[in-house]
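J.: Before anything else, here's the structure in question.
The values are calculated or read from the model by the stated rules, or taken from the named source; none is laboratory data. Please read all numbers here as calculations on a predicted model, not as lab measurements. Using ideal geometry, Cβ is built from the backbone for each residue, glycine included, and neighbour counts are taken over all protein chains shown. SASA here: full protein model, heavy atoms, side chains in, ligands and nucleic acids out. Shrake-Rupley method; radii C 1.70, N 1.55, O 1.52, S 1.80 Å.
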Amino acid sequence: MYVRSFADSDGDGVGDLRGARERLPHLARLGADAVWLTPFYASPQADGGYDVADYRAVDPVFGDLADADDLVRTAHELGLRVIVDIVPNHTSDRHPWFRQALAGDPACRDRYLFRPGKGPDGALPPNDWESVFGGPAWTRTPDGDWYLHLFAPEQPDLNWENEEVAAEFESVLRFWLDLGVDGFRVDVAHGMVKAPGMPDIGHGEQARLIGAQQLPFFDQDGVHEIHRAWRRLLDTYEGERIAVAEAWAPSAERLALYVRPDELHQAFNFQFLNCPWDAAALRRVIDDSLRATTSVGAPTTWVLSNHDVVRHTTRYGDGAAGLRRARAAALLMLALPGSAYVYQGEELGLPEVTELPDEARQDPAFQRGEGQDGLRDGCRVPIPWTVEGPSYGFGPGGSWLPQPSSWAGLSVEAQTGDPDSTLELYRSALAMRRDHPALGAGDAVEWLPAPDGVLAFRRRAKGTGPGPGPWQGDLICTVNLTDHPVALRAPGSRVLLSSAPATGRAPAPAPGTGPVDGQPVPGVPAADASGAVNGQPVPGGPAAVGRPGDGNGHAPTAGAGGQAAVPEPGGAPDGGRPGRAADNPAAAAGTDHGGDGHRGTADGGGRAVHGAAPGAKVPPPAREFAAEAGHGDDGHTVLLAAESCVWWAS
């Protein structure tokens, strides 16, 4: 949750903690287990709150400590854990320590990285390091010395060789743990320790090297002792308290060092985030990630977007193609073993806002050259909640960044109950991920043979019994990364969930081709206007699965051109539209389906998404559709739609 852009309670156009608390039921309905909040500490906001002036106070723009306490309590009541950002690499230049350092206090000065300059009069920076935001990483002070800031000049780097710095942050961690938070996301976890002597790098455009190679200011081995100390602190608290590293490392093996048994619990997998839309590249990153984290006994993490990168709906392509790929990538991510992190708005399929006026931008990198592109504001535009309103439900007033008018149709209100929507796809996928015995935790995938451009793998069910819902057995995930439909033998007995109308049924390949979505598919025969293929009716109808609303799961006859009817990403199990909360008050209120701690809260359509409680409706996209997708020796094939992902029962 990027707090500034999640929900505004007071109409000032900026999201706040009270607004976030009021919208927490959305996250519970979505199926999240925890919420990570970006910094809400007292700050001049030079970098969206990542320039902290007081780590124990809430900035007035976000509320106060009582609001933070209320949010934590409400989250726990909803079954959500709370992870807060901690920023240990640097403070704000308004922090009392730095102000005293500039005033000449030697003790405070040693808590930062001040160095004399080069040249006869010290007029040159101490080395050639560049700020991640562009320009030199050093700023000169009136007394002639320079201080290091790997980000903005308003964010001076701390000296972690100073014991007072380490002691202060242990105190800060305890402050928030005592308030009840469940853990921390460690900002720039790879940056607190610099190489001895601070050597030159030797060339420019250093921001492009981050995550590509080890640098003298990032991913130094000394950071691990800091993380070990924090792990020892976390382990003194009852319950499960965790720390998650934001660590840019040049390889999966280097990243795994952050999650060794005595260090942090998880680390963001930026190798997966940065991977191109390519089957071979994705398989390589998945294998490398699982192998590296398994070697140290840690779970792998998967992330597609965050508040610092272009939203993946846009990163994967423009318009409809980008959304198709984003939906497929979401199902791929949620089928993988480990933890998945969802950035607010990706469950709505929000694209990057690329046409913000210059005067509205607040990313500090926008005004500086040769660093990051300075366009992070495009992924931080406040999210839409309702179809109408001055900021589409974000708050009673406007929003700190302008929202596109097209976002009304992408709002939570517009997508709730729409079986084809991205929101309902995420709700259904997360519900199944929680309950299916083959999904969630684990450390391996079993790759299956697949055509070029397609990934297919099996997730083995844990244990011997069925899951808490209607799910049992193994699960197979197929992803077609090509821009055309692909025919293959049905990999499973029935479709559980699809990112798009993704399967069609046809007999075994025979001479001739037939159009799918207007395009010929090699090896798949064409049907005539009556639905016959080569003059013969397709056994059982051409669909791999029944369409929602059939009631009996029977596959309809193919239309002209041989395109088979396929499952929508949603539908209603009783053949009708998804039920609203008012139609099913018991489900809307939520149920508890046992003593396993899983919530039975209803999704926005009034359907209990975390268990089959009596009278509650199973999410239509997650129900096991009637299955006649041939497998074994009958020769039936299915057509995977372009840029789509399908989950199959095995």
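J.: Roughly how many Å² of Val35 are accessible to a 1.4 Å probe, to the nearest 10?
T.: Accessible area, nearest 10 Å²: 10 Å².
J.: Something else about it: I'd like to check one number: the per residue accessible area of segment 83-178, probe 1.4 Å, reported in Å² as a whole number.
T.: Numbers: 3840 Å² over 96 residues.
Here the per-residue accessible area is 40 Å².
J.: Could you sort Glu161, Glu225 by their accessible area in this structure, using a 1.4 Å probe and putting the largest first?
T.: Working: Glu161 160, Glu225 95 Å².
If we order Glu161, Glu225 from most to least accessible, we get Glu161, Glu225.
J.: Give me the percent of the accessible area of segment 263-315 that comes from carbon and sulfur atoms, probe 1.4 Å, all protein chains in place.
T.: Ligands and nucleic acids excluded, carbon and sulfur reach 52 percent.
J.: Cα atoms only, segment 174-233: Rg and Dmax in Å?
T.: When restricted to Cα atoms, segment 174-233 yields Rg and Dmax of 15.0, 46 Å.
J.: Provide the gained length on full extension for the span Lys462 to Glu446, in nm with one decimal, where the gain is 0.36 nm per separating residue minus the Cα-Cα distance. Walk me through the numbers before you get to the answer.
T.: On the way: separation 16, 0.36 × 16 = 5.76 nm, distance 1.39 nm.
In short, 4.4 nm is gained.
J.: How much FRET efficiency would the formula 1/(1 + (r/R0)^6) give for Thr141 and Asp12, where r is the Cβ-Cβ distance and R0 is 45 Å, rounded to 0.05? Display every interim value, and only then the final one.
T.: Details: r = 35 Å, r/R0 = 0.77.
Calculated value: 0.80.
J.: Using the alpha carbon gyration tensor of segment 61-216, what are the three equivalent-ellipsoid semi-axes (square root of 5 times each eigenvalue), largest first, in whole Å?
T.: On the way: eigenvalues 226, 72, 34 Å².
Semi-axes, largest first: 34, 19, 13 Å.
J.: Also, I was wondering about something else. Within 14 Å, Cβ to Cβ, of Gln271, how many net charges do the neighbouring residues add up to if Lys/Arg are +1 and Asp/Glu are -1? Show your work: numbers first, answer last.
T.: Working: positive: Arg254, Arg283, Arg284, Arg291; negative: Asp219, Glu246, Glu253, Asp278, Asp287, Asp288.
Within the 14 Å Cβ shell, the charges total -2.
J.: Quick one: which residues, 5 or more positions from Gln45 or on another chain, have an amide H under 5 Å from its amide H? H modelled 1.01 Å from N in the peptide plane, none for Pro or chain starts.
T.: Residues meeting the amide H criterion: Asp51.
J.: What is the Cα centroid distance between segment 388-442 and segment 203-281, reported in whole angstrom?
T.: 29
J.: Please give the per residue accessible area of segment 275-366, computed with a probe of 1.4 Å over protein heavy atoms only, in Å².
T.: Values: 3140 Å² over 92 residues.
Roughly 34 Å² per residue, with all protein chains present.
J.: If I ignore ligands, DNA and RNA and count only protein heavy atoms, how much of His149 is accessible to a 1.4 Å probe, in Å² to the nearest 10?
T.: Its accessible surface works out to 0 Å², give or take rounding.
J.: Still on this structure, please answer the following. Round to the nearest 0.05 the FRET efficiency obtained for Arg228 and Ala281 when R0 = 41 Å and r is the Cβ-Cβ distance.
T.: Working: r = 34 Å, r/R0 = 0.82.
That pair, Arg228 with Ala281, gives E of 0.75.
J.: Would you mind checking which residues have amide H under 5 Å from Ile242's amide H? H placed 1.01 Å from N; only 5 or more apart, or other chain.
T.: For Ile242, whose amide H was placed from the backbone, the distant partners under 5 Å are Gly183, Phe184.
J.: Moving on. Just check segment 87-137 against the gyration tensor rule for me: Cα atoms, a ≥ b ≥ c as the square roots of the eigenvalues, rounded for a/c under 1.5, and otherwise prolate or oblate depending on whether a/b exceeds b/c. Numbers along the way, then the final one.
T.: Working: a/c = 2.58, a/b = 1.28, b/c = 2.02.
Oblate, since a/c reaches 1.5 and b/c is not below a/b.
J.: Right, next: Taking H placed 1.01 Å from N in the peptide plane, check which residues at least 5 places from Leu158 or on another chain put their amide H under 5 Å from its amide H.
T.: Hits under the 5 Å cutoff: His90, Thr91.
J.: Something else now. Could you look at segment 6-159 and say what percent of its accessible area is carbon and sulfur, using a 1.4 Å probe and all protein chains?
T.: Working: 2780 of 5480 Å².
Using a 1.4 Å probe with all protein chains present, segment 6-159 comes out at 51 percent carbon and sulfur.
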